[in-house]
Amino acid sequence: MVTLAETDGIALFIPKTYDIVWSLIILVIVAVFFYKFFMPKFNAIFDERAAKIEGNIAKAEAAKKDADEAKRKYEAQLSTARVEASKIRDDARAEASHIIADARSRAESDAAQITANAQRSIESQQQQAMVSLKGEVGALATALAGKILGAKLESDDVQSSMIDKMIDELDTSDKK
Amino acid sequence: MSEAMGMLLAAEPDLPTIDDFLPRGILFQGTPFEINRIILIRIVATVLLLVVLGITAKRAKLIPGRWQGVVEMGIDFVRDSVVYQIMGEVRGKRYLPMISTLFFTIFVFNLCGIIPGMNMAATATVVMPLVFAVWVLIQYWITAVREKGLWGYIRDECFPKGVPWPVYILLAPIQLCELVLIRPASLTIRLFANMVSGHLLVATTLAFAQYWVIESANKLAGIPVGMLWFLFGLVLTLFEAFVAFLQAYVFAILSTVYISMSYPED
């Protein structure tokens, strides 16, 4: 290998001045770029992304909490409403039975009143009828008996005692 | 052997040499600002890196697009799989920009080795890896002095507890050498040598492919052999893409480990 012998391999490891200069310049440029621009920029992006994701998670959690709260409130209201409704129903039922009982007792007392009144007027009418009947029956019976018996009953005393007895009997039968 | 080859081959294949890594100056020859092919590649790669990542960062949105997703994947990778995994979030936060700079820059510079037209990693001179390594060196010494004090650091590293004192005679110089020389040298040489060998491998296979397919007198044998070389070159190019990532990752992770070792154990 003639070509490899042309330059001593050790030459590769001897730094050249221009190489040092350019390497340093480039290192500084690249380092400044990474330190001052590239890494801060991407770190900002990463931080912003993390913050955004965390924010969204927090927001979702808050929304869930709100929804849970609303659900809880709604359910509480629902159960209160249910209790109220059943209470109202019970009240109404009680009121209704109360009203019915009232109406019944009033109707019964009315009916009793009416019955009693009717009874009383019937009794008084009967009394009157009896009184007038008594008078008329007496006279009628006397007249009738006088006509039938006429001659047979001469004595007035007998006659009047007979009549009285008859009326008495009538009275007692009447009272029964 | 050479006679047989001489008969068979019309010309020598254009094999890569180490001169590829010591190109002639194009601009400002003789000044400290001399620019040769590799420096030019390095400048172009830097501009590309800054423009592409700059535009990405400028247009970065809360909801990332595809490209931003790729870049963020890189940032996440450095942050989670390299820095935070080794030194945790509390200590690691401060070094994120540094390790990200190292990782992204080395990765892009390494990739230049397989970009057509460049065909040479921007990290393929010894100084670029060295500059990165020296930065790491300075950083872990600063961290050590801040966290443990200068003497505390040297004591912990060179005179570890639980070792019989005669061992220190051997151990202390080795450890000190490790702290000031071996760590940066290993960082430098690992990266540099990988890029050099990567270029040599890919360029060699492609040179042979070119030679066998186009320049060989014997087309009947030349084309299949050349295609085989080309296939080999293709595989190696893909492998170099992997190495570009791997070396950037190794550099980043070792830098983090060195900085992390400057902290007191707890």
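The values are calculated or read from the model by the stated rules, or taken from the named source; none is laboratory data. Fair warning: this is a prediction, and the values are worked out from it, not measured in the lab. So basically every Cβ, Gly included, is an ideal-geometry build from the backbone, and we count neighbours across all protein chains shown. These accessible areas exclude ligands, DNA and RNA; they are computed on the full protein's heavy atoms, side chains included. Shrake-Rupley method; radii C 1.70, N 1.55, O 1.52, S 1.80 Å.
If I filter the stretch B:237-247 for residues that are more than 19 Å from the chain's Cα centre (by Cα) and open to solvent by 60 Å² or more (accessible area, probe 1.4 Å), do I get at least one hit?
So far as the stretch B:237-247 goes, no, none of its residues is more than 19 Å from the chain's Cα centre (by Cα) and open to solvent by 60 Å² or more (accessible area, probe 1.4 Å).
Conditions tested, residue by residue: (1) in a helix (DSSP H, G or I); (2) open to solvent by 60 Å² or more (accessible area, probe 1.4 Å); (3) modelled with pLDDT of 90 or more.
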residue: A:I53; (1), (2), (3): yes, yes, yes
residue: A:A67; (1), (2), (3): yes, no, yes
residue: A:E75; (1), (2), (3): yes, yes, yes
residue: A:H98; (1), (2), (3): yes, yes, yes
residue: A:M130; (1), (2), (3): yes, no, no
residue: A:G135; (1), (2), (3): yes, no, no
residue: A:L153; (1), (2), (3): no, no, no
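Go through the stretch A:94-109 and report how many residues are of a type in the set (D, E) and within 25 Å of the chain's Cα centre (by Cα).
2
Which ones in the stretch B:184-195 are open to solvent by 20 Å² or more (accessible area, probe 1.4 Å) and either among the charged types (D, E, K, R) or in contact with a helix residue (DSSP H, G or I) (Cβ under 7 Å, 6 or more places away or on another chain) (or both)?
B:R190, B:N194, listed by residue number.
Within the stretch B:55-68, restricting attention to residues that are in a helix (DSSP H, G or I) and facing chain A (nearest Cβ under 8 Å), which residue is nearest to B:F103 (Cα to Cα)?
Filtering first and then ranking leaves B:A57.
Take the residues in the stretch B:107-162 that are within 14 Å of chain A (Cβ to nearest Cβ) and without any contact (Cβ under 8 Å) to a residue 12 or more places away in the chain; name whichever of them is surrounded by the fewest Cβ atoms within 10 Å (Cβ to Cβ).
So the residue we want is B:I138.
Looking at this structure, is A:E84 open to solvent by 60 Å² or more (accessible area, probe 1.4 Å), of a type in the set (D, E, K, R) and within 21 Å of the chain's Cα centre (by Cα)?
yes
Do we find that A:I20 is free of Cβ contacts under 8 Å to residues at least 40 places away in the same chain, over 43 Å from the mean Cα position of the chain (by Cα), open to solvent by 60 Å² or more (accessible area, probe 1.4 Å) and within 14 Å of chain B (Cβ to nearest Cβ) in this structure?
yes
Open to solvent by less than 80 Å² (accessible area, probe 1.4 Å) and assigned to a helix (DSSP H, G or I): which single residue out of B:I169, B:I214, B:I253, B:I174 fits that description? Working first, answer last.
Details: B:I169 fails: open to solvent by less than 80 Å² (accessible area, probe 1.4 Å); B:I214 fails: open to solvent by less than 80 Å² (accessible area, probe 1.4 Å); B:I174 fails: open to solvent by less than 80 Å² (accessible area, probe 1.4 Å).
On inspection, the qualifying residue turns out to be B:I253.
Can you name the helices (runs of 4 or more DSSP H) wholly within the stretch B:69-153 that have at least 1 residues being closer than 30 Å to A:A11 by Cα?
Here the list reads B:96-111, B:127-147.
Can you name every residue in the stretch B:53-91 that is open to solvent by 60 Å² or more (accessible area, probe 1.4 Å) and of a type outside the set (D, E)?
Matches in the stretch B:53-91: B:I55, B:K58, B:R59, B:K61, B:I63, B:R66, B:W67, B:V70, B:M73, B:Q85, B:V90, B:R91.
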